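Scroll down for the structure; my scribbles are underneath it.
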Amino acid sequence: MSRPTTAPIWGLHLWVPMLVLSQVTADGLNTTQRIGGGSQCGEYTSQVMEDGMCRLVATLPQLDEQRCPDMFRCTDEVSYWLHENEERKQQVAALKETISELQEELRNHRHRIKVFEMQRDDRSNSNTTMEQRFHEMEEHYAEANNLLHLQGTLILNLQNQVHNLTLLVDQVKNSPGCSVNIVRPNPLMSSQQALHPDTHHMRNCPIDCASIYYNGVRRSGLYTVVPSFAGMPVEVYCNMDIDGGGWTVIQRRLDGSISFDRSWREYRAGFGDLHSEFWLGNDHIHELSSQGDYSLRINLEDWSNKHKHALYQHFSVEDEEHHYRLHVSGFSGSARDSFGWYHDKRGFSTPDSGDICAEISHGGWWYGQCFYANLNGVYYRGGHYTPKGKGHLGPDEIVWHSWRDSDFYSLRKVSMMIRPRSFRNRLSP
């Protein structure tokens, strides 16, 4: 039997076969009975119908936690639905409470989301501000770093100048017959003198290695000289052994340890190591050779240990304004001349000065078209060499063309040195 779908039920009409009714009288009369004694559980009536079915009519009171006798299944149904109704009410109440909790949690979530959005906006603004500040700090750091580097470079240069000047002054002071006076500015100075308040005045100082030789020094090595026109000390290497000594060395190649592929500025100031390979510097060569009538000696050695030399009675170099133009003449010596007759009166050129010969030779020299001798070329070991590379435009070695009448033979050792043409060696005291 299916349970009813509506509640509460106040009246029931049941149609059942007559055989199941044990209370029906034999004569088929209608009877009325009370359930459970009194009217607490209601009452019912019965009547036999023409089709043999028994019609039961039951009237049930409103129940308050009470149940009819178990013999009436309808009361079970009513009780069931009442119980179900209570459970549904409780479930609805629980659902309402749950919904209320969920709504509260939803409000909390919305509040948190709003807070997060506000924090995100704040962080975004903060990040933008931080990026700007970081960028500004980077710019300030770059500026400060550049200034620091510049200041450091200036300080280092000043320190080097002070150190070098101190060493030079000390050496000049210790040189025989040399004295140094440092002039300080004072109100009685002329305007021209006031422009150079730290001018060093040298008296009785050696002007070249021949002067040092005349002062009794007979050992080759490093010395300080003060060219008469420059007035500033310069350190030089003096050769006191070859042909009576007194030679001021202006160039030397020994082992290829120094590259001579240098700029105009480097050739002007000088570079290398005075104990090894070096170029004294065009300014210094000009200052030394302009003090009087100087001779030039070039020493040559090949890879078979064969030695030759070329001597030129007259040698001088003009200043930078005239491109250090060469003047050389009066050849003699054991080697054939490959320098004087072709390079005389040529200006000096370097690879960065725009001269094609200097670019081909990878060195600075008094080039013509292009050279017959070049002692500042590339150092090739072994003598003979074969040009390599597509960019090789011509011979670029340490060349003295008349040595073997070849454009592709590089000498092993060369040096250039000068001394006054009037030099006369003296016996040691």
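Annotations
- Sub-7 Å Cβ pairs linking a first residue in the stretch 357-384 that is over 14 Å from His401 (Cβ atoms) to a second residue that is assigned to a helix (DSSP H, G or I) and open to solvent by less than 20 Å² (accessible area, probe 1.4 Å), at least 6 apart or interchain, are Gly364/Tyr267; Gly364/Ala358; Trp366/His343, ordered by first then second residue.
- Residue match in the stretch 254-270 (condition: more than 37 Å from the chain's Cα centre (by Cα) and in a helix (DSSP H, G or I)): no
- Some residue of the stretch 121-131 being open to solvent by 100 Å² or more (accessible area, probe 1.4 Å), under 29 Å from the mean Cα position of the chain (by Cα) and not aliphatic (A, V, I, L, M): yes
- Residues in the stretch 213-247 that are touching a His at 6+ places or on another chain (Cβ under 9 Å) and within 19 Å of Glu301 (Cα to Cα): Ile242, Asp243.
- Members of the stretch 298-353 that are open to solvent by less than 50 Å² (accessible area, probe 1.4 Å), hydrophobic (A, V, I, L, M, F, W, C) and over 18 Å from Trp247 (Cβ atoms): Leu326, Phe348
- Filter pass, Glu301 being more than 36 Å from the chain's Cα centre (by Cα), farther than 20 Å from Val414 by Cβ and in contact (Cβ under 8 Å) with a residue 24 or more places away in the chain: no
- When residues of the stretch 302-350 are limited to those that are of a type in the set (S, T, N, Q) and not in a loop (DSSP other than H, G, I, E, B), the one farthest from Asn282 (Cα to Cα): Ser332
- The residues on offer are Leu311, Leu274, and the sole one that is over 19 Å from Asp352 (Cα atoms) and touching a residue at least 24 places away in the same chain (Cβ under 8 Å) is Leu274.
- Answer from Ser295, Ser228 - the residue that is at pLDDT 95 or above and surrounded by fewer than 23 Cβ atoms within 10 Å (Cβ to Cβ): Ser295
- Residue match in the stretch 164-177 (condition: among the polar types (S, T, N, Q), surrounded by fewer than 10 Cβ atoms within 10 Å (Cβ to Cβ) and either more than 30 Å from Tyr214 (Cβ to Cβ) or modelled with pLDDT under 75 (or both)): yes
- Hits in the stretch 323-349 (condition: within 18 Å of Pro395 (Cβ to Cβ), touching a residue at least 40 places away in the same chain (Cβ under 8 Å) and out of contact with any strand residue (DSSP E or B) (no Cβ under 6 Å at 6 or more places or on another chain)): Arg336
The values are calculated or read from the model by the stated rules, or taken from the named source; none is laboratory data. Note that the structure is predicted; figures quoted are calculated from it, not measured. We place every Cβ from the backbone using ideal geometry, glycine too, and count neighbours over all the protein chains shown. Accessible surface is based on the protein model in full, side chains and every heavy atom, while ligands, DNA and RNA are left aside. Shrake-Rupley method; radii C 1.70, N 1.55, O 1.52, S 1.80 Å.
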